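Chemist: Below you will find the structure I want to go over with you.
The values are calculated or read from the model by the stated rules, or taken from the named source; none is laboratory data. Since we're looking at a predicted model, the values are computed, not measured. Using ideal geometry, Cβ is built from the backbone for each residue, glycine included, and neighbour counts are taken over all protein chains shown.
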Amino acid sequence: MNIRRLFLISIPYLWLLALFLVPFLIVMKISLSDLAIAIPPYTPTLSLSDGWQGIKGFWAALDIENYIFLTEDNLYWKAYLSSFKIALVSTALTLLVGYPIAYGMANASPEWRPTLMMLVILPFWTSFLIRVYAWMGILSKQGFLNQFLLWSGIIDDPLVILNTNTAVYIGIVYTYVPFMILPIYATLEKMDASLIEAAIDLGCSRLKAFWLVTIPLSKSGIIAGCFLVFIPALGEFVIPSLLGGSRTLMIGKVLWEEFFSNRDWPVASAVAVILLLLLVIPIILFQRNEQKQREAEQ
């Protein structure tokens, strides 16, 4: 029994080791290397083939000049701040759009719920890139949106939406709204409807019961959905490149430029390491806080 339990526990740890820790260490190693005109375009400061001498030489020659360079160039911290702003606003908009949909699905009749779930998942059946290209056609000056607004008389001149942050917000919300809907729906579906009825019997209006009962009980789904949207949106590259154009500054675009245009792998790796730490550390702190709250409730 102990061997079986150990085997089951080891599977997720081995998964994290192979697909998270090892790649992270490789990127960390590259971030501490020196730029070189070679293939690959860097000179590693750590050489495991030299054994213990290579490790000692690594610690002796260790420097963080690539990380220092990030603090000296305004481009990088502006890209981080811009990415955080866009990711936060997009997450808030996705929550505003996704929560009512999830609430409606949870309160729909049981025979309609599978159909509604299928409609939410249906966009995943189409290529992500094709869907983003479709939004380029919709949001352009000659696109469907402007043609419809001109036809209806709402506007007199075409709106400039493509190649702006507004287009980026639209693309991110459209792409990631299923990630917000599904965890919230899973939480709301399990909620006991009698709690709402009890709140109403005690004098609460339906709106007040919603704020005092439904929202707190769905907090775990809201947090999970926000994480599922915020994390990929922060490092998004395709949507800002295709819908935002050159004016949209996000760290994902900076990473791509450093890796493939400038071929500065050490600096790009340093950017990736900092981005990962900015994401992982708050998640770990949040999980510890949630664990402490669960222990206190018990």
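Chemist: Quick check on this structure: which one of LEU35, LEU16 is closer than 30 Å to PHE260 by Cβ, under 21 Å from the mean Cα position of the chain (by Cα) and not β-branched (Val, Ile, Thr)?
Modeler: Working: LEU35 fails: under 21 Å from the mean Cα position of the chain (by Cα).
The conditions single out LEU16.
Chemist: Going by the structure shown, is TYR176 touching a residue at least 12 places away in the same chain (Cβ under 8 Å) and either closer than 16 Å to ILE239 by Cα or surrounded by fewer than 15 Cβ atoms within 10 Å (Cβ to Cβ) (or both)?
Modeler: Working: touching a residue at least 12 places away in the same chain (Cβ under 8 Å): yes; either closer than 16 Å to ILE239 by Cα or surrounded by fewer than 15 Cβ atoms within 10 Å (Cβ to Cβ) (or both): yes.
In short, yes.
Chemist: Only residues that are crowded, with 18+ Cβ neighbours inside 10 Å and either over 14 Å from PRO183 (Cα atoms) or hydrophobic (A, V, I, L, M, F, W, C) (or both): list them for region 96-112, please.
Modeler: ILE101, ALA102, MET105, ALA106
Chemist: Working only within region 113-160, note down all residues that are of a type in the set (D, E, K, R), surrounded by 14 or more Cβ atoms within 10 Å (Cβ to Cβ) and over 29 Å from the mean Cα position of the chain (by Cα). Write out each step before concluding.
Modeler: Within region 113-160, the subset of a type in the set (D, E, K, R) is 113, 131, 141, 156-157.
Pick out the ones that are also surrounded by 14 or more Cβ atoms within 10 Å (Cβ to Cβ) and you get 113, 131.
Correct list: empty.
Chemist: Between LEU116, LEU96, LEU150, which is touching a helix residue (DSSP H, G or I) at 6+ places or on another chain (Cβ under 6 Å) and either charged (D, E, K, R) or at pLDDT 90 or above (or both)?
Modeler: On the way: LEU96 fails: touching a helix residue (DSSP H, G or I) at 6+ places or on another chain (Cβ under 6 Å); LEU150 fails: touching a helix residue (DSSP H, G or I) at 6+ places or on another chain (Cβ under 6 Å).
Just a single option satisfies the conditions, and that option is LEU116.
Chemist: Just checking, does region 137-145 include any residue being touching a helix residue (DSSP H, G or I) at 6+ places or on another chain (Cβ under 7 Å), at pLDDT below 90 and not in a helix (DSSP H, G or I)?
Modeler: The answer is yes, given that some residue of region 137-145 is touching a helix residue (DSSP H, G or I) at 6+ places or on another chain (Cβ under 7 Å), at pLDDT below 90 and not in a helix (DSSP H, G or I).
Chemist: Restricting attention to region 110-136, report how many residues are outside any helix (DSSP H, G or I) and of a type outside the set (Gly, Ala, Ser).
Modeler: Within region 110-136, the subset outside any helix (DSSP H, G or I) is 110-112, 126-127.
Now restrict to residues that are of a type outside the set (Gly, Ala, Ser): 110-112, 126.
Summing the residues that are outside any helix (DSSP H, G or I) and of a type outside the set (Gly, Ala, Ser) in region 110-136 gives 4.
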